[in-house]
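Below is one structure, written out as structure tokens; the observations come after it.
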Amino acid sequence: MNTDGELTGTETDKDKNCDTFTAQSRNATALFLFLSPLITFKRIVKNKSTEQFSGIPYVMTMLNCLLSAWYGLPFVSPHNLLVSTINGTGAVIEFIYVVVFIIFATKKEKGKILGLLTFILAVFSAVAFISIFALHDKKRKLFCGLAATIFSIIMYGSPLSVMRMVIKTKSVEFMPFFLSLFVFLCGTSWFIFGLLGKDPFVYIPNGFGSGLGAMQLILYAIYRKNKGEIKKPTGTSEGSLEMGLGNDKAHQGKP
């Protein structure tokens, strides 16, 4: 900084490099979160069965990614293009998961997932249509931001049913460590990004996700020695965590 209090070229370059690094870090943690279910899908393809895994989280995460990607577009929310690019990538990845899940799911499960997929595409289309033709400027950003925030919270809140199952069975068999880790890292990094940018539609849902990710890691630390040793409680159903939800017969039920 010079004597007039203005940033010098060197300081400006440092700030830009810092911003680039933090942006890359946020995108990396989000990408790892989207890719974390690959191990589970390798198992599904190998066994040619979806077993007890639920397809609902992937469909709901796809909707969250679509809405978040839409929110980050310049004509909706300026200066949030990174939000749009990483979530656009996530939407493609989640769509692939959904297709693979449908291929190996039972007939009943196929119908449920296809119905839910139709519903989420209708929701996204409605949000996009309304935001383009009925709303403008701040009202458009508010509407799209609220929609993205609601479904982000639903996505991040999905592990609650599985966390309950972990406590009851005292086993982390269906709560993958890396998924929990990247839920925490992704939520935390985007929470900080939202705070710095003073964007409540980014920091509120991701702060929620960061807290839930931390809770999952704590549970994993407590019950990690019991992995693979499921103690099924009487009168309860089994569950599984993938991108948020287990097959606890409870919806949302997830980054």
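Do the conditions hold for LEU135, that is, is it part of a loop (DSSP other than H, G, I, E, B) and open to solvent by 10 Å² or more (accessible area, probe 1.4 Å)? Yes; evaluated as a whole, the condition is true for this residue.
Residues that are β-branched (Val, Ile, Thr) and surrounded by fewer than 12 Cβ atoms within 10 Å (Cβ to Cβ) within the stretch 107-117 are absent altogether. The C-beta contact set for the stretch 23-51 (first residue under 17 Å from TRP190 (Cβ atoms), second residue of a type in the set (A, V, I, L, M) and assigned to a helix (DSSP H, G or I), distance under 6 angstrom, 6+ apart or interchain) comprises ALA23/LEU82; ASN27/ILE86; THR29/LEU185; ALA30/ILE86; PHE34/ILE93; SER36/LEU179. Within the stretch 105-122, being β-branched (Val, Ile, Thr) and assigned to a helix (DSSP H, G or I) holds for ILE113, THR118, ILE120.
One line per residue, one yes/no per condition, for (1) open to solvent by less than 40 Å² (accessible area, probe 1.4 Å); (2) touching a helix residue (DSSP H, G or I) at 6+ places or on another chain (Cβ under 6 Å); (3) of a type outside the set (S, T, N, Q); (4) within 24 Å of ILE39 (Cα to Cα):
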{"site": "GLY88", "(1), (2), (3), (4)": "yes, yes, yes, yes"}
{"site": "TYR97", "(1), (2), (3), (4)": "yes, yes, yes, yes"}
{"site": "ALA105", "(1), (2), (3), (4)": "yes, no, yes, yes"}
{"site": "PHE119", "(1), (2), (3), (4)": "no, no, yes, no"}
{"site": "SER125", "(1), (2), (3), (4)": "no, no, no, no"}
{"site": "LYS139", "(1), (2), (3), (4)": "no, no, yes, no"}
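In the stretch 72-81 there is no residue that is part of a helix (DSSP H, G or I) and surrounded by 15 or more Cβ atoms within 10 Å (Cβ to Cβ). Residues that are buried (at least 24 other Cβ atoms within 10 Å of the Cβ) and under 30 Å from ASP137 (Cβ atoms) are absent from the stretch 40-59 altogether. Hey, does the stretch 231-248 have a residue that's of a type in the set (Val, Ile, Thr), at negative phi and at pLDDT below 80? Yes, the conditions are met somewhere in the stretch 231-248. Inspect all residues belonging to the stretch 179-198 and state whether any of them is at pLDDT 85 or above, outside any loop (DSSP other than H, G, I, E, B) and either within 23 Å of GLU51 (Cβ to Cβ) or open to solvent by less than 20 Å² (accessible area, probe 1.4 Å) (or both). No, because not a single residue in the stretch 179-198 is at pLDDT 85 or above, outside any loop (DSSP other than H, G, I, E, B) and either within 23 Å of GLU51 (Cβ to Cβ) or open to solvent by less than 20 Å² (accessible area, probe 1.4 Å) (or both).
The values are calculated or read from the model by the stated rules, or taken from the named source; none is laboratory data. Bear in mind that the values here come from a model prediction, so they are computed numbers and not experimental data. All Cβ positions, even for glycine, are placed from backbone atoms using ideal geometry, and neighbour counts span all protein chains on display. Just so you know, the surface numbers come from the protein's heavy atoms only, side chains and all, with ligands and any DNA or RNA stripped out. Shrake-Rupley method; radii C 1.70, N 1.55, O 1.52, S 1.80 Å.
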